[in-house]
Amino acid sequence: MSSDALKAATQFVALNEKSEPYLVGSRCEACDQLFPGLRQHCAGCYSRDCMKQIDLGTHGSLYSYTVVHRSYKGVSVPFVSAVVDMDGGGSIKGTMLNVPPDPDELTFGMPLSVVFRCASCINPEAEGYVSHFFTPALDA
Amino acid sequence: MSDRVYVIGADMIRFGRFEDETPPSLAAKASLLALDDCNVGIQDIQAVYSGNCGETMVGQRMLQIIGQTGVPVANVTNACATGATAFREAWMAIRAGVCDLALAVGSEKMAKGVLVRKNRAGDAVPREGLVGSETMPAVFAEMGMEHARRFGTTLEQFAMVSVKNHFHSTMNPKAMYQKETPLEEVLGSEMIAYPNTKLMCSVNVDGSAAAVLCSEKKMKSLGLSKRAVLVKASALASDPFTPRNTVMPDLNAVTQLAANAAYESGGIGPDDIDLVELHDCFATAEICHYENLQLCAAGEGANLLQSGATTLGGKIPVNVSGGLLSKGHPLGATGIANVCEVVMQLRGEAGARQVENARVGMTHVVGLGSACAVHILERI
Ligand SMILES: [Zn+2]
């Protein structure tokens, strides 16, 4: 993926100093709770201004999911909506790629990898925006 | 103040699609029905709490139709818990001694099909399809799949919820759909978000429901003790922090919190409940809520359903009205509509779907975002 002019599609993606995308999260320095995206205060322990920006990593496991057959107008279906627990802590939602949209092909706890693709693979108007997706673990 | 607050009037319109109605005109219809149910006029009402998710000032605009008495009006919105929140506001006002007679009304005009959320700040590209799904069927499907992960719940078991509630609806002339759906039909209908098929999703319809609440002194002076129903407990919770809450709304935790509070403040337990109207916005939710409302132990929800305990005639009938799955789900009205059902049951006026010797009933709604309201009502 070329790095020039890449922009984050959602608040879950940030670009590092080499302009490479990563899954951005926050860690509460008071209670260690991890959150997807950036935030300022902790909803868990109520500490203020306690968040450290972190990389949520590239590996996780499938916590829950659904196969979506009816969505908003213009969104192509079916697709797998996944709730993923990251191996280093924290949970995040995402769309799965490289897996048939079929419950028989999905197992709770299955290892997943984070991949980054141009959001235009889902939304033709999103050229130049990078987003995170999950695939069955690439190195399993 | 009045420790004991009663529902003296409660009624709803049959939900449906009403092209020519507005939220205020729908609210007016239900309010007049509820007022007539207890022989009270709008001029007797000292405060109005109006629930609606789509518009503002519905309460005042309703009074502009049925009588501008100048009383305090507050408009509340709390997602699918909106109606129940308006009801609770009326309960609190009377309990606090601010007034003796209050009207709670919920109304909604709904768009057809899948509800579309506004794009969130911070996202350049809309999330739907890109970051999984945020549709209601998908959110509640993921809740069901979490239950499946923990307890092995099957698609067929979730589908049985629709079989039961649609069966109940055949006895409710006010249900939008009054048609039995055998298991094969539920499973064979269009898949919306696995495991929720179309017949496992509640329908977006227009509707309204209203309740008249009253202090003990006023209830007695009106001579209404025969048909009055005591509000034994009222609880409202927001979603407590749980680790996945930001990515997967934890509707279990918020329900557990509200249910515990209701049982505690009512001084009663789940064994005392004779019937429940709970928030079956999707079939997957009902089995989870059996456990959240302590109708059975964790993991026993599917067994409870399959045992027939939650069917009319069973130990703890759930959604004998047909539930949201059959009645339809006009967001702001839903929480008061289930109060109407329980009031009717406790008065022994529910006809073919009457739960025998119903003395105590529970209502439950959950609004995504999240809010949960639980009320316990008792025959006096
Ligand atoms: Zn914290």
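The values are calculated or read from the model by the stated rules, or taken from the named source; none is laboratory data. Just so we're clear, the structure is a prediction, and the values are computed from it rather than from any experiment. Every residue, glycine among them, receives a Cβ derived from its backbone with ideal geometry; neighbour counts consider all protein chains shown. For accessibility, only protein heavy atoms count, side chains too; no ligands or nucleic acids. Shrake-Rupley method; radii C 1.70, N 1.55, O 1.52, S 1.80 Å.
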Out of segment A:31-42, which residues are over 20 Å from the mean Cα position of the chain (by Cα) and without any contact (Cβ under 8 Å) to a residue 12 or more places away in the chain? A:HIS41
So is B:ASN357 surrounded by 24 or more Cβ atoms within 10 Å (Cβ to Cβ) and farther than 23 Å from A:THR66 by Cα or not? no
Residue under evaluation A:PRO103, criteria (1) open to solvent by less than 50 Å² (accessible area, probe 1.4 Å); (2) within 16 Å of the ligand (Cβ to nearest atom), criterion not met: (2)
Can we say B:MET143 is modelled with pLDDT of 95 or more and either part of a helix (DSSP H, G or I) or on the phi < 0 side of the Ramachandran plot (or both)? yes
Please specify each residue of segment A:26-58 satisfying the condition of being within 21 Å of A:THR135 (Cβ to Cβ), more than 10 Å from every other protein chain (Cβ to nearest Cβ) and either near the ligand (Cβ under 8 Å from one of its atoms) or in contact with a Gly (Cβ under 8 Å, 6 or more places away or on another chain) (or both). A:ASP55, A:LEU56, A:GLY57
Starting from segment B:183-203, take each residue that is part of a strand (DSSP E or B) and list its partners that are open to solvent by less than 20 Å² (accessible area, probe 1.4 Å) and of a type in the set (D, E, K, R), counting only C-beta distances under 9 angstrom and pairs at least six apart or across chains. B:ALA193/B:GLU142
So, in segment A:106-118, of the ones that are assigned to a strand (DSSP E or B) and open to solvent by less than 40 Å² (accessible area, probe 1.4 Å), which residue ends up farthest from the other protein chains (Cβ to nearest Cβ)? A:SER113
Need at least 2 residues that are open to solvent by less than 30 Å² (accessible area, probe 1.4 Å) and at pLDDT 95 or above per element, so show me which strands (runs of 3 or more DSSP E) inside segment A:1-81 make the cut, counting only ones lying wholly within it. A:13-15, A:21-28, A:34-36, A:59-68
Going through (1) at the interface with another protein chain (Cβ under 8 Å from one of its Cβ atoms); (2) within 15 Å of the chain's Cα centre (by Cα); (3) away from the ligand (no atom under 16 Å from the Cβ) one by one, A:SER76 fails only at (2)
Exactly one of B:GLU185, B:GLU134, B:GLU180, B:GLU108 is within 14 Å of another protein chain (Cβ to nearest Cβ) and either modelled with pLDDT of 95 or more or out of contact with any helix residue (DSSP H, G or I) (no Cβ under 6 Å at 6 or more places or on another chain) (or both), and that one is B:GLU134
Kindly provide the set of residues from segment A:79-96 that are of a type in the set (D, E, K, R) and more than 11 Å from chain B (Cβ to nearest Cβ), ordered by number. A:ASP87
Positions within segment B:86-99 being surrounded by 22 or more Cβ atoms within 10 Å (Cβ to Cβ) and touching a helix residue (DSSP H, G or I) at 6+ places or on another chain (Cβ under 8 Å), in sequence order: B:ALA86, B:PHE87
Those residues of segment B:286-319 which are under 19 Å from B:ILE268 (Cβ atoms) and open to solvent by 40 Å² or more (accessible area, probe 1.4 Å), in sequence order: B:GLN294, B:ALA297, B:LYS315
Options B:GLY122, B:GLY83; residue that is within 14 Å of chain A (Cβ to nearest Cβ) and either open to solvent by less than 20 Å² (accessible area, probe 1.4 Å) or not in a strand (DSSP E or B) (or both): B:GLY122
Would you say A:TYR65 is facing chain B (nearest Cβ under 7 Å) and touching a strand residue (DSSP E or B) at 6+ places or on another chain (Cβ under 9 Å)? yes
